[in-house]
Amino acid sequence: MQNSPSLSLLWPDGTRPAQTCTALDPQCVRDLELEGTLAAFTDSRLGRSTIREVFLHLCTDPAVITYRQDILDDVWRHPDFTAHLEALLPDLHALDTAPMAVDRRRSSLQEITWRLGELEHLVSCVTGLSTVFAQVGDKVRAAGWCALRDRITQTAQDAVYQQLTRELPDMVRTVRAKVSVTIGVNLDGQLRPVAATLLTVNDRKFSASTFFDRLFGRHGGDLKGLGPLHMVPDLEPGHGPSGNRGKSRDVNPLMVPLFRDVAQVLDTVCQPIARALRQYNALHSGFLATLHGDLAFYLAAVRLMERLRSHGLPVCRPDIAPMTERVCVLHEAYNLNLALHQMAHAQGPAPIVTNDVSMDDDGRIGILTGPNVG
């Protein structure tokens, strides 16, 4: 799985030729009311940037358009397939938003938990997609879906990946079992905290009763902590609030060093997990992460198509003619934004009048008139 080539449901072979797209200028976007169309297309943040990119950079390559139509056709015709893909979208989104580069500001523990989370989402997506493709069989035939199915099969059969699926649950359980720490606090004669240290790392969370049991329980001998003992330094003259000696500070001086010790102790606890994770450095989720926006686009398109049909408006798969033919023939065409506005206020069929449009060698100028032909 090292250096896996990219895979896209929007672009054949995962490549995007710059010459196949036409970027719409801002005035055109306003004239077409595309912002309103985009808002109606999806109200989810999942994949929104990819969807916006598709809307504002129109593809003119018939091969790419056909590639997308085939993918959409499979999703449209198989509702069960669509439902399973919808369920996987959050995991794919998690892979898409996970920081892929190493952040030097993160601690070792944060790196471990981040990597475990990424691998969890990877296994969830591969398992889910494997199940989906096994259920639909050869019902989906688009080149994009076939390429994704082959990649998922290759990943699922990879020896390193199979070992990961066996070992990951125990690694996750080990890390997530550490849910609390016990802190020992020394008090002065006025019961003010003067020093604190870590005592234990626990597999159980504290409850209110457990806390008071520990607070008022009797322990023989001194308690030995896992970290150094932090002392509260004496306040220097004039350093208390309003310059008064001996007054307590607003900021607890124990917090920062104590929490630093917590992180260091937990880092040590998780080092065996860190060593075990190194054998999976070759496993990457990049090819799945990039699919999130593509998949969100098709699922949003199907939802919009279903909504239009539920209001009695026709939808179809258009036949794409080469640009050199300079022809556009539409049957029962309607303004999408007008339809969306009407559907928002109509319970049944939307009161939309459809029209046939033909622009070819017989004429390429359309004149829009009112009811009185004015």
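The values are calculated or read from the model by the stated rules, or taken from the named source; none is laboratory data. Since we're looking at a predicted model, the values are computed, not measured. With ideal geometry, Cβ positions are generated from the backbone for all residues, glycine too; neighbour counts draw on all protein chains shown. Quick note on the areas: whole protein, heavy atoms, side chains included, nothing else; ligands and nucleic acids left out. Shrake-Rupley method; radii C 1.70, N 1.55, O 1.52, S 1.80 Å.
Selection of region 269-293 for residues being in contact with a Leu (Cβ under 9 Å, 6 or more places away or on another chain), open to solvent by 10 Å² or more (accessible area, probe 1.4 Å) and of a type outside the set (A, V, I, L, M, F, W, C) yields Q279, H284, G286, T290. Of all residue pairs spaced 6 or more apart or on separate chains, those with beta-carbon atoms under 7 Å, a first member in region 72-94 that is outside any helix (DSSP H, G or I) and a second member that is open to solvent by 40 Å² or more (accessible area, probe 1.4 Å) are H78/K139. So which residues in region 125-151 are among the small types (G, A, S) and either touching a Leu at 6+ places or on another chain (Cβ under 8 Å) or at pLDDT below 90 (or both), if there are any at all? Those that are among the small types (G, A, S) and either touching a Leu at 6+ places or on another chain (Cβ under 8 Å) or at pLDDT below 90 (or both): G128, G137, G144, A147. Of the candidates R30, R45, R52, R16, the single residue that is more than 24 Å from the chain's Cα centre (by Cα) and of a type in the set (K, R) is R30. Between A23, A40, A63, the distinction of being of a type in the set (G, A, S) and either within 23 Å of W145 (Cβ to Cβ) or in contact with a Ser or Thr (Cβ under 7 Å, 6 or more places away or on another chain) (or both) belongs to A63 only. If a residue has to be closer than 10 Å to A300 by Cβ and open to solvent by 30 Å² or more (accessible area, probe 1.4 Å) to count, how many in region 28-49 make the cut? Here the count works out to 5.
Only one entry of D70, D61, D74 meets the criterion of being acidic (D, E), modelled with pLDDT of 90 or more and over 17 Å from A300 (Cβ atoms), and that entry is D70.
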